[in-house]
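A short worksheet on the structure shown next.
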Amino acid sequence: MTDEELIIAQGQENNARLDLTYIEKARFASTLLRMSFSRKAVEQALTVNHSQVVWFKQVTDAVPDEILVSIGRAPKIGRPRWLQFAEVIAKPGNIKKARAIILTEDFLTQSSDDRFSHLAKELTEKKSEPALQAVWADPKGRKLASFTYTDTKCTVQIDRRDDPDFAEYLYSKLGDIYRDYEARKPASE
């Protein structure tokens, strides 16, 4: 038998006997391609078509092997989710983030499918910018109001325990405060 014939026979036997998951097939295909086996031999070894080999390669080219190994078999994760994950991890900075996440205890203590889902979620969730906080205290030193600033809004929170009427008073004065603010703004040209 030639090396190619041997790989095809071994691949078909393993594929039938072991019930390989999507990512296991993708990693096996990637290994064979790196060893310079033809795409046709890979297709025959895994009993898949040309498109499937292309998809395997898309995933394994985008996702570093150390991340694939850390996720594991992921038996419930199929082609569509792996292809989507490959697009997500290819975004700037996501490989570095993923490498940090796979070392956390929260990641490591989960099942393989849950590790995949956890990592995908962490890489796709938009983290809000940290908010700047300020506290206003009255002349007696009581912290009556806190201000939380983000890029798009400011939230004012009044602590009603020390002075329950201050919030209502402030609310009643907002019109006057805004008029004073407008009067202080320089006239636009």
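Note that region 99-111 has calculated 3J(HN,Hα) couplings of 4, 6, 5, 5, 9, 7, 5, 4, 6, 5, 8, 9, 5 Hz, one per residue in order, obtained from phi through the Karplus relation 6.51 cos²θ - 1.76 cosθ + 1.60 (θ = phi - 60°); glycine and proline are x.
The H on the amide N of A145, modeled in the peptide plane, is under 5 Å from the matching H of W136, D159, each at least 5 residues off or on a different chain. Between amide H atoms placed 1.01 Å from N, distances below 5 Å from A90 occur with no residue 5 or more places distant or on a separate chain.
With charges set only on the Cβ (+1 for Lys and Arg, -1 for Asp and Glu), what does the dipole of the chain come to about its Cα centre, in debye to the nearest 20? With only Lys, Arg, Asp and Glu charged at Cβ, the dipole is about 120 debye. Measuring between their Cα centroids, region 75-140 and region 27-49 lie 32 Å from each other.
Kindly flag which residue pairs out of K25/K126; K76/K121; K140/K185; K91/K153; K40/K96; K153/K185 have an alpha-carbon separation exceeding 25 Å in this structure. Display every interim value, and only then the final one.
On the way: K25/K126 32 Å; K76/K121 16 Å; K140/K185 31 Å; K91/K153 28 Å; K40/K96 34 Å; K153/K185 20 Å.
Beyond 25 Å: K25/K126; K140/K185; K91/K153; K40/K96.
Sort 26-33, 150-157 for me by packing, meaning the mean count of neighbouring Cβ atoms within 10 Å per residue, highest on top. Walk me through the intermediate numbers first.
On the way: 26-33: 20.5, 150-157: 10.2.
Top to bottom by mean Cβ count within 10 Å: 26-33, 150-157.
Only one residue of T148, L68, V53 has its Cα farthest out toward the positive end of the dipole of the chain, where Lys and Arg carry +1 and Asp and Glu -1 on Cβ, and that residue is V53.
A compact globular protein would have a Cα radius of gyration near 2.2 N^0.38 Å; the ratio found for the chain is 1.79.
In terms of packing, defined here as the mean over residues of other Cβ atoms within 10 angstrom, the peptides 81-93, 167-179 line up highest first as 81-93, 167-179. Here the relative contact order of the chain, from alpha carbon pairs under 8 Å that lie six or more residues apart, stands at 13 percent.
Coordinate-derived values only; no laboratory data. Keep in mind the model is a prediction, meaning the values are calculated, not measured. Please note: Cβ atoms are built from the backbone with ideal geometry, for glycine as well, and neighbour counts cover all protein chains shown.
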